[in-house]
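**Student:** I'd like to ask you about the structure that follows.
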Amino acid sequence: MTESFKVIDADVHNEQDDAALVPYLPEPWRSRVAKSGIGMAGSGYYSPVGVMKKDAIPPGGGKAGSDPDLMVKQLVERYDLEYAILTGVIYNISATHDPDFAAAICSAYNDFLIAEWLGKHRAFKGAMAVSTLDPVLAAREIDRIGGHPDIVEVIISSAARSPLGHRYYHPIYEAAERNGLPVAIHPGAEGAGSSTAPTSVGYPARYIEWHTNLSQTFMAHLVSIVTEGVFVKYPGLRLVLVEGGIAWLPPLMWRLDKNYKALRSTVPWLTKMPSEYIRDHCFLTTQPIEEPDNPQHLIDLFNMFDAENIILYSSDYPHWDFDAPDMILRRLKPEARRKIFYENAKKLYNL
Amino acid sequence: MAVHIVLDAADVPEGGHAVVELQGREIGIYRIGGHYYALNNYCPHQGAPMCAGYVSGTTMPSDVYEYEYAKKGEIIRCPWHGWEFDIKTGKSLFSDKVRVKSYEVRVTDGKIGIVLGK
């Protein structure tokens, strides 16, 4: 058996009906959502499993993840979480089309999160959502909400119109650094609405391809953010790559460093190996953890980079590919487990 | 070996299931075509409550772009990660090595009995 240890969960999806945001919206958006809902853009990929784990639907009805009491019982108490970072799902709004509407939805959600979730349990901490459709409006929202004591992160969608290192997005990173908040990037709307195709070769046929290839999006965003000098411009910025996979990271670091040796002159603002910026500024969350037939292979892979210092445990509750903290990474050394399941997040989020 | 009477046969409707507790374990009893099958309410992957999963049929191995839907009402899908298991055998549909624990069921005089031990 494994030793018991404290746990911080870096990716917990609280949900709500569209109607729940109506009281938090100003006109003209309030009437629009009351009449027609938010109108999220879906990726269109069908899964027979569905997005929600079936035992998380509240007995009284409503969406999985919409009942704080059930979340406390089923996740926080059952797994003895010290903190759960509530990430919501509103970041997906960046795949829609109207920047003003998307910004208004994020502001309404952030007010809703603070009013109706964060005070409900001592374990709840919030990731405030901003839309990438207008980074200046996003920065304004970070300055409006980012100082709240229970807001510990800014979350944006990995489904975007262009690589997230582009200078167009920099106001978001500047505001996050100014407010002392890490920026999390989360998948979900890849291929939907205004976002790019979900793989580098376009639109695959099935969800199994869409889901497996989400790591591609993360690889492209990470290379962009490092090479565009985001961490040089904003040295206090921390980036959290949520739910994008982990196993791809070591070979990407090798490839990027190799290319840097020849192509440094095209990115002269980078004064260290690109992989060093990743080690110094980036965190990756565990779920959905890769599960090789031989568990030792994952441990070998962790040893190829500074895994125990840059990985954060996440469950993805209440989604279908939930990872329970007592079921994954059981073969890691106790010290590495303590860091991944608790200490890294405690430090990153100042908890 | 011991047979433990847990329910009346009529307690489990055709196509339905009931979860009982027996010696500290939860066991789901499923009724398919008048026969009863018993599965541990615990997924071998990460310990999900298996019996909260949907029951359905599924697509069987087939030629490319052919879809052969079969085993209607005989497949349970784990409520967390969606792994499929055959209710009649407990075997997963993706590997011979992965299965949910199943128990022998004996129905006598309208009572459902579960066989524990060898």
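The values are calculated or read from the model by the stated rules, or taken from the named source; none is laboratory data. Just so you know, these numbers come straight off a predicted model, no measurement behind them. Cβ placement follows ideal geometry from the backbone for every residue including glycine, while neighbour counts extend to all protein chains displayed. With ligands, DNA and RNA removed, areas are computed over all heavy atoms of the protein, side chains included. Shrake-Rupley method; radii C 1.70, N 1.55, O 1.52, S 1.80 Å.
**Student:** Among the residues that make up segment A:34-42, is at least one of them away from chain B (no Cβ under 14 Å), more than 27 Å from B:C43 (Cβ to Cβ), touching a Gly at 6+ places or on another chain (Cβ under 7 Å) and open to solvent by 20 Å² or more (accessible area, probe 1.4 Å)?
**Tutor:** Yes, segment A:34-42 contains at least one residue that is away from chain B (no Cβ under 14 Å), more than 27 Å from B:C43 (Cβ to Cβ), touching a Gly at 6+ places or on another chain (Cβ under 7 Å) and open to solvent by 20 Å² or more (accessible area, probe 1.4 Å).
**Student:** Follow-up. Report every pair of residues separated by at least 6 positions or lying on different chains whose Cβ atoms are under 9 Å apart, first residue within segment A:258-277 and closer than 14 Å to A:D306 by Cβ, second open to solvent by 90 Å² or more (accessible area, probe 1.4 Å) and in a helix (DSSP H, G or I).
**Tutor:** Listed by first residue and then by second, the contacts come to A:M273/A:K261; A:S275/A:W254.
**Student:** May I ask you to verify whether B:E104 is under 21 Å from B:G33 (Cα atoms) and either away from every other protein chain (no Cβ under 14 Å) or assigned to a strand (DSSP E or B) (or both)?
**Tutor:** The answer is yes for B:E104.
**Student:** Provide a single number: the residues in segment B:23-63 that are hydrophobic (A, V, I, L, M, F, W, C), in contact with a Phe, Trp or Tyr (Cβ under 9 Å, 6 or more places away or on another chain) and away from chain A (no Cβ under 14 Å).
**Tutor:** Result for segment B:23-63: 5.
**Student:** Applying the selection to segment B:12-34, what residues are closer than 24 Å to B:K71 by Cβ and touching a residue at least 60 places away in the same chain (Cβ under 8 Å)?
**Tutor:** Correct list: B:V12, B:I27, B:I29.
**Student:** If you don't mind, another one. Of everything in segment A:43-75 that's in contact (Cβ under 8 Å) with a residue 60 or more places away in the chain, within 9 Å of another protein chain (Cβ to nearest Cβ) and surrounded by fewer than 18 Cβ atoms within 10 Å (Cβ to Cβ), which residue is farthest from B:T59 (Cα to Cα)?
**Tutor:** A:G50
**Student:** If the requirement is being assigned to a loop (DSSP other than H, G, I, E, B) and over 25 Å from A:A345 (Cβ atoms), which of these qualifies: A:G193, A:G236? Even if it seems obvious, please write down each step before you answer.
**Tutor:** Numbers: A:G236 fails: over 25 Å from A:A345 (Cβ atoms).
Just one listed residue meets the conditions, A:G193.
**Student:** Right, here's the next one. State the number of residues belonging to segment B:50-61 that are assigned to a loop (DSSP other than H, G, I, E, B) and open to solvent by 50 Å² or more (accessible area, probe 1.4 Å).
**Tutor:** Number of matching residues: 2.
**Student:** Go through (1) touching a residue at least 40 places away in the same chain (Cβ under 8 Å); (2) part of a loop (DSSP other than H, G, I, E, B) for B:F94 and report which single condition fails.
**Tutor:** Going through (1) touching a residue at least 40 places away in the same chain (Cβ under 8 Å); (2) part of a loop (DSSP other than H, G, I, E, B) one by one, B:F94 breaks only (1).
**Student:** Looking at (1) within 14 Å of another protein chain (Cβ to nearest Cβ); (2) loosely packed, with under 15 Cβ neighbours inside 10 Å; (3) under 15 Å from the mean Cα position of the chain (by Cα); (4) more than 28 Å from A:A205 (Cα to Cα), which is the only condition B:K97 fails?
**Tutor:** For B:K97, the exception is condition (3).
**Student:** Go through A:L301, A:L329 for me and flag whichever is in a loop (DSSP other than H, G, I, E, B), in contact with a helix residue (DSSP H, G or I) (Cβ under 8 Å, 6 or more places away or on another chain), touching a residue at least 24 places away in the same chain (Cβ under 8 Å) and among the aliphatic types (A, V, I, L, M).
**Tutor:** The match here is A:L329.
**Student:** Of a type in the set (A, V, I, L, M, F, W, C) and without any contact (Cβ under 8 Å) to a residue 12 or more places away in the chain - does that describe any residue in segment A:164-180?
**Tutor:** So in segment A:164-180, the residues of a type in the set (A, V, I, L, M, F, W, C) come out as A:164, A:172, A:175-176.
Remaining after also requiring without any contact (Cβ under 8 Å) to a residue 12 or more places away in the chain: none.
No, segment A:164-180 contains no residue that is of a type in the set (A, V, I, L, M, F, W, C) and without any contact (Cβ under 8 Å) to a residue 12 or more places away in the chain.
**Student:** How about segment A:182-233: which of its residues are in contact (Cβ under 8 Å) with a residue 60 or more places away in the chain, open to solvent by less than 10 Å² (accessible area, probe 1.4 Å) and not small (G, A, S)?
**Tutor:** Selection gives A:P182, A:H186, A:E190, A:P198, A:F218, A:L222, A:I225, A:V226, A:V230.
**Student:** Inside segment A:132-160, can you point out the residues that are in contact (Cβ under 8 Å) with a residue 40 or more places away in the chain and either among the hydroxyl-bearing types (S, T, Y) or assigned to a helix (DSSP H, G or I) (or both)?
**Tutor:** A:T132, A:S157, A:S158
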